[in-house]
Amino acid sequence: MSQQITRSTLANKTRLKVLSARQELLDDLFDQARSKLSGVPKDKGKYETICKGLILEGLYALNEDKVEVKARKADYDIVKKATESAKKEYKENMKKDVRVSIDEKDPLPEDS
């Protein structure tokens, strides 16, 4: 009986070490992604392309006639351009109009 308890305890300790190592790797990956993402808005062309893709993805997923987009105040100009481009592509692909507006009353936090 004590051997089973010892094996079980050892297995649990090993499992905890593996989980801890996995969590450390995930934390490191998230930190790397966060640091890379913070530089994306500096390249306006690339950022607009990313915004357009995200807006399009939302339009396809929601499949609604009217959609509201939230953005940071600093990104309103880029998001407006991306929105127009996304609406045009959505209409070409889905053969239906969609109204997309930007929620300027409640912007996203500037550090997001």
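The values are calculated or read from the model by the stated rules, or taken from the named source; none is laboratory data. All of these numbers come straight from a predicted model, not from anything done at the bench. Virtual Cβ from ideal backbone geometry, glycine too; neighbours counted across all protein chains shown. Accessible surface is based on the protein model in full, side chains and every heavy atom, while ligands, DNA and RNA are left aside. Shrake-Rupley method; radii C 1.70, N 1.55, O 1.52, S 1.80 Å.
Counting residues in the chain as N, plug N into 2.2 N^0.38 Å and put the Cα Rg over that result.
Cα Rg divided by the expected 2.2 N^0.38 Å: 1.72.
Report the FRET efficiency, 1/(1 + (r/R0)^6), for GLU84 and LYS42, where r is their Cβ-Cβ distance and R0 is 22 Å, rounded to 0.05.
The calculated FRET efficiency here is 0.50.
Quick one: go through the stretch 41-82 and flag any residue whose amide nitrogen is under 19 Å from the point 7 Å out along the Cα-to-Cβ line of ARG34.
Inside the label zone: 41-42.
Cα to Cα, under 30 Å, and not fewer than 8 places away if on the same chain: which lysines meet these conditions relative to LYS95?
LYS44, LYS46, LYS52, LYS66, LYS70, LYS80, LYS81, LYS87
What list of ³J(HN,Hα) couplings, whole Hz, do you get for the stretch 12-22 from phi and the Karplus terms 6.51, -1.76, 1.60, once you set θ to phi - 60° and write x for glycine and proline?
5, 5, 5, 4, 5, 5, 5, 4, 5, 5, 4
Give me the accessible area per residue for the chain, probe 1.4 Å, as a whole number in Å².
Accessible area per residue: 79 Å².
Tell me, what ³J(HN,Hα) does each residue in the stretch 54-67 have, in order and in whole Hz, if you take phi through Karplus 6.51 cos²θ - 1.76 cosθ + 1.60 with θ = phi - 60° and put x for Gly and Pro?
For the stretch 54-67, the Karplus-derived couplings read 5, 5, 4, 4, x, 4, 5, 5, 7, 6, 10, 7, 9, 9 Hz, x marking Gly and Pro.
Which distance in nm do the two modelled labels at ASN63 and MET94 give, with both placed 7 Å along the Cα-to-Cβ direction?
Here the modelled spin labels are 0.9 nm apart.
What is the set of long-range amide H partners of VAL69 at a cut-off below 5 Å, with H atoms built 1.01 Å from backbone N?
Placed amide hydrogens put SER101, ILE102, ASP103 under 5 Å from VAL69.
Hey, with R₀ at 22 Å, roughly what FRET efficiency would ARG72 and GLU24 work out to, going by the Cβ-Cβ distance, to 0.05?
The calculated FRET efficiency here is 0.10.
In sequence order, what are the phi-derived ³J(HN,Hα) couplings for the stretch 87-97 according to the Karplus relation 6.51 cos²θ - 1.76 cosθ + 1.60 with θ = phi - 60°, rounded to whole Hz, with x for glycine and proline?
4, 4, 5, 4, 5, 5, 7, 9, 6, 8, 7
For the chain, what's the relative contact order in percent, using C-alpha pairs closer than 8 Å and at least 6 residues apart?
25 percent
What full-extension length gain, to one decimal in nm, is calculated for THR14 and ASP106 as 0.36 nm per residue of separation minus the Cα-Cα distance?
28.3 nm
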